[in-house]
Every structure is written in structure tokens, then in C-alpha cells.
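The values are calculated or read from the model by the stated rules, or taken from the named source; none is laboratory data. Because the structure is predicted, anything quoted here is derived from the model rather than measured. Heads up, the Cβs are rebuilt from the backbone with ideal geometry, glycines too, and the neighbour counts pull from every protein chain shown. Heads up: the accessible areas ignore ligands, DNA and RNA and are worked out on the full protein's heavy atoms, side chains in. Shrake-Rupley method; radii C 1.70, N 1.55, O 1.52, S 1.80 Å.
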Amino acid sequence: MTDKTSEHTGDSREWCPPRRLGGLPPYPLADVPDIKARLLAEGRTVIDLGVGDPGLPVPSIAIETLHEAIGNPVLSKYGFQRGLPEYRQAIAGWLARRFGAEVDADLEVLPVIGSKEAIALTALAVLDPGDSVLIPDPGYAPYFGGAYFAGADVIRFGLRAEDGYLIPPDVIRRARGRLRLVYMNYPNNPTSAVAETGYLKDVVSACRERGAVLLFDNAYSEITFDGFRAPGLLDIEGGREVGLEFHSMSKTYNMTGWRLGWATGNRRLIGALRRVKTFFDTGAFMALQAAAAAVLQDPDAYIQRSLEQLERRRHAAVAALRDAGLDVQAPRGTLYLWFPVPSEEKAEDFCRRLLIDSGVVLLPGSAMGPGGEGFVRASLAIHEDRWEEAGRRIQEAL
Ligand SMILES: Cc1ncc(COP(=O)(O)O)c(C=O)c1O
């Protein structure tokens with residue numbers, strides 16, 4: 001990439017982007033919105049399998065509660081970091097139901113404005129410049145972003161199919177430098193791999209041995225199939241001491257745009273993250289927190305219904321993409337299918353050509369790190385009835 005962002009011109013009065021921005025990876029397919037707009041203007045339809053947003057209905061109790069809460073002037077004030085006590089208590093209740101663990105709603109729960117921001121900011125709460133951070137590659141962007149902006153030595157571990165896309169605990173034990181933070185995410189975006197409890201135990205031990213904090217991103221904990229139940233740090237002895245676990249209303253309750261989630265775990269880490277966030281934000285809108293509290297207190301029939309729809313999509317997606325000639329496995333978790341590029345092209349080139357020729361958007365694996373090159377991600381973002389057409393369009397473009 002030509003590093004325009006770090007190019008300082010001779011004229012010192014003209015603002016230039018800082019060198020730091022030049023160190024960020026380029027975003028493959030930044031031209032997708034323009035291509036999509038052009039196709040739509042030409043009267044063509046676009047099937048977008050690029051985004052992790054299933055578009056399923058939000059729980060009705062969220063909407064009902066928000067209607068009422070929005071008229072309450074108390075909830076229009078700043079939420080600050082502790083937010084609405086009812087939201088934190090509802091989170092503790094949800095964690096108790098889900099993991100059978102008791103969590104202190106004041107000291108071990110931190111409301112966040114969607115988990116993305118706080119996942120990135122955790123690096124600032126945990127690291128000194130020069131400390132090492134281990135991140136999965138491919139992996140969710142804020143892992144790199146947080147570590148990079150914190151001035152850390154970022155170690156990308158290339159996930160491999162032969163390891164089940166897990167980071168082997170010995171990689172943590174042997175990582176270079178002063179390893180202080182390990183980012184981990186299962187069920188995994190983008191590979192859809194899941195982790196068993198035994199594996200997580202080994203990871204917790206390895207992090208303890210290294211004195212590293214484990215950030216366990218469990219955004220997809222409830223999106224699993226074939227009877228698999230995703231473990232979390234609260235399932236593991238010593239798990240909550242070693243790190244933080246993040247959950248999100250986005251995927252579990254189809255509330256992506258509401259921007260709500262939470263961190264739970266080690267109370268000193270919760271305190272440090274809260275302190276950092278004090279300098280960046282003033283908390284989520286409390287009427288939204290009230291609505292999320294109502295959702296979390298509701299029995300979990302919603303999740304079951306939503307999973308049934310995703311299961312039908314998964315079934316249709318696997319069948320359609322296999323018929324199209326793609327080497328697709330049925331995922332055990334997440335909203336994603338992860339498969340090799342079916343040509344000699346780079347992932348980005350394949351995806352751009354596919355979009356132009358067939359109007360189908362896929363995410364090139366390389367958008368999630370160099371380790372994703374050679375792979376493509378499709379989301380369960382469309383109704384089960386549309387997969388046949390998506391598959392047919394892809395097949396015609398191959
Ligand atoms: C791995 C991972 N973690 C967390 C999130 C959730 O983000 P948020 O809670 O900010 O919507 C996502 C969303 O795409 C994700 O893929």
C-alpha cells in the first residue's frame with residue numbers, strides 16, 4: 001500500500017494525517033458501497049452476505065419498554081460508566097441463569113456501548129507501550145486496533161484448520177516479550193470454530209503462567225447449533241480472575257444498532273476499564289439500558305425462536321453453496337460460513353468480481369487480517385428462501 005497517510009508535505013500549515021494512521025491495515029473492498037450503489041442504480045438487485053447482521057426482529061419487550069422509558073426524564077440524563085442499576089442487575093441475573101455463576105452487579109459488571117469500543121479500549125486499560133499482545137489472525141478488527149493504538153507489540157497468530165482454528169495454549173506459553181493480553185473469540189468470527197470447556201481451561205492456565213490477561217469475546221455464545229453449548233470464563237475455575245469476558249446484545253438479541261453489551265470478570269480489570277472509558281464516553285442512553293434489562297429478565301424463549309430461524313438459514317445456506325460448487329462446512333456456531341476461495345484469485349479480487357458479475361456480496365477473509373487470505377466469509381444474513389438464488393448467482397459467476 002502506498003502510505004499516503006504518513007506523507008508529510010513541505011507546507012507545515014497544512015494538516016496531514018499522523019503517521020500512526022499509516023500503520024493501520026488497508027480495508028479491502030472499501031469500494032463495495034460504491035459498486036453496490038452503481039448496481040442498484042442500474043436496476044440490479046444485490047444480495048448482501050457480507051455483514052454479520054441477520055436482520056431478525058428485535059424482542060418485542062425491548063420496543064415496548066423503550067416506548068415507555070423514553071418519556072422518563074430521569075433516563076435522559078447521563079448514564080456514566082455504572083449506567084442503570086437495573087441493567088447491571090439484569091446482566092448478573094442472565095449470567096447466573098446461563099453459567100450458574102454468581103456475579104457482583106456493582107463490581108464485576110460493566111455496561112458498554114456495544115462491545116466493540118470496550119474490547120478495543122481494554123488494551124489501554126491493561127497494557128504499557130511495548131507489552132506484547134496475542135491476537136487471532138483472522139480476527140475481529142478491534143483486537144488489532146486496541147493493541148496497536150496502545151503501542152503494543154502485536155503478535156498475530158495465524159489460525160489453522162488443522163488446530164480447529166484454536167490458538168494452541170503453547171503459543172501463549174511461548175509468545176515473545178512481556179505478554180500481557182490475549183484476545184480470544186469462540187464461537188469464532190470469521191472461522192465459525194467453537195471451543196470446548198477443556199480447551200478454555202488450558203488457555204486460562206497458560207495465561208496465568210504468563211501473567212497475561214485473557215479477553216474472552218463471547219459475542220456469539222448463544223448462537224450455536226447441533227446441541228453445542230458454548231462455554232465461558234465463568235464456567236472455569238479461576239476463569240474470572242484471569243480476565244474479562246464480553247457479551248453483546250447485538251447477536252444474541254438481534255439488537256446490533258442499539259449498541260449495548262457488557263464486560264464481566266476480574267473486578268480490578270473491570271475497574272481499570274471503567275476508568276479508561278471515563279475519558280472516552282459517558283455511557284449508553286439509559287432508556288436503551290432499561291429496554292435491554294427487560295429483555296435480559298425475560299425467559300429465553302426469544303433466543304430459541306431466533307435460533308430456529310438461523311438453523312433454517314444455515315441448512316439452506318450450506319445446501320445452496322455446496323450446490324454452487326463451494327467447499328462449505330456447516331458451522332457449529334456464529335452466523336458465518338468460512339470457505340476457501342474457489343479460484344486462483346486473491347480473496348478480495350474474487351469478491352469484487354463476484355459482486356460486479358452476480359450482485360452477491362461476500363467478505364474476503366483478508367478483510368479480517370492477512371491470515372484470512374485465501375478464504376471467504378458468508379453471513380446467514382438472508383432469509384432461508386433466498387439462498388437458492390444466492391447459490392445460483394454465485395455458480396453462474398464461478
Ligand atoms: C467477534 C465479535 N465480537 C464482538 C462483536 C459485537 O460487537 P458489538 O457488541 O459492538 O455490536 C462482533 C460483531 O460483529 C464480533 O464479530
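Shown in residue order for segment 250-258 are the 3J(HN,Hα) couplings computed by the Karplus curve 6.51 cos²θ - 1.76 cosθ + 1.60 at θ = phi - 60°: 4, 8, 4, 10, 6, 10, 4, x, 6 Hz (x for Gly and Pro). Can you give me the % of accessible surface on segment 257-398 that is carbon or sulfur? Probe 1.4 Å, all protein chains present, nothing else counted. Exposed carbon and sulfur together represent 49 percent of the surface.
Amide H contacts of residue 376 (H built 1.01 Å from N, in plane; Pro and chain starts excluded): 339, 341, 365 sit under 5 Å, all sequence-distant by 5 or more or on other chains. The phi-based Karplus calculation (6.51 cos²θ - 1.76 cosθ + 1.60; θ = phi - 60°) puts the 3J(HN,Hα) values of segment 90-104 at 5, 5, 4, x, 5, 5, 5, 5, 7, 10, x, 10, 8, 10, 6 Hz, whole numbers, x for Gly and Pro. With the charge dipole of the chain set up from +1 on Lys and Arg Cβ and -1 on Asp and Glu Cβ about the Cα centre, the Cα lying farthest toward the positive end among the listed residues 12, 368, 290 is that of 12.
For the chain, the antiparallel share of DSSP beta bridges with both residues in that region comes to about 45%. As an exercise, find the ratio Rg/Rh for segment 320-371 from alpha-carbon atoms, using the Kirkwood inverse-distance average for Rh. When Rh is taken as the Kirkwood radius, the ratio is 0.95. Placing pseudo-labels 7 Å out from each Cα toward the beta carbon at residue 97 and residue 307 gives an inter-label distance of 1.3 nm.
Projecting the Cα atoms of 213, 342, 144 onto the charge dipole of the chain, computed from C-beta unit charges around the Cα centre, puts 213 farthest toward the positive end. Within the straight-line cut-off of under 22 Å between alpha carbons, the lysines reachable from residue 116 are 251, 277, sequence neighbours fewer than 8 places apart in one chain being disregarded.
Listed by chain and number, the aspartates and glutamates whose C-alpha is less than 15 Å from the C-alpha of residue 201, apart from same-chain residues fewer than 8 away, are 170, 209, 235, 237, 241, 245. Per residue, segment 317-398 exposes 40 Å² of solvent-accessible protein surface, assessed with a 1.4 angstrom probe and all protein chains in place.
Potential lengthening of the chain between residue 64 and residue 82 amounts to 4.1 nm, from the contour at 0.36 nm per residue minus the alpha-carbon distance.
The Kirkwood radius of segment 88-247, taken over pairs of alpha-carbon atoms, gives through the Stokes-Einstein law at 10 °C and 1.306 mPa s a diffusion coefficient of 100 µm² s⁻¹. Only the Cβ atoms of Lys and Arg (+1) and of Asp and Glu (-1) were treated as charged; on that basis the dipole of segment 138-295 about its Cα centre amounts to roughly 700 debye. Counted residue by residue at 0.36 nm each, then reduced by the alpha carbon distance between them, the extension gain from residue 46 to residue 162 reaches 38.3 nm.
Per residue, segment 60-297 exposes an accessible area of 39 Å² to a 1.4 Å probe, with every protein chain left in place. At the residue level, residue 12 shows approximately 110 square angstrom of accessible surface with a 1.4 angstrom probe and all protein chains present.
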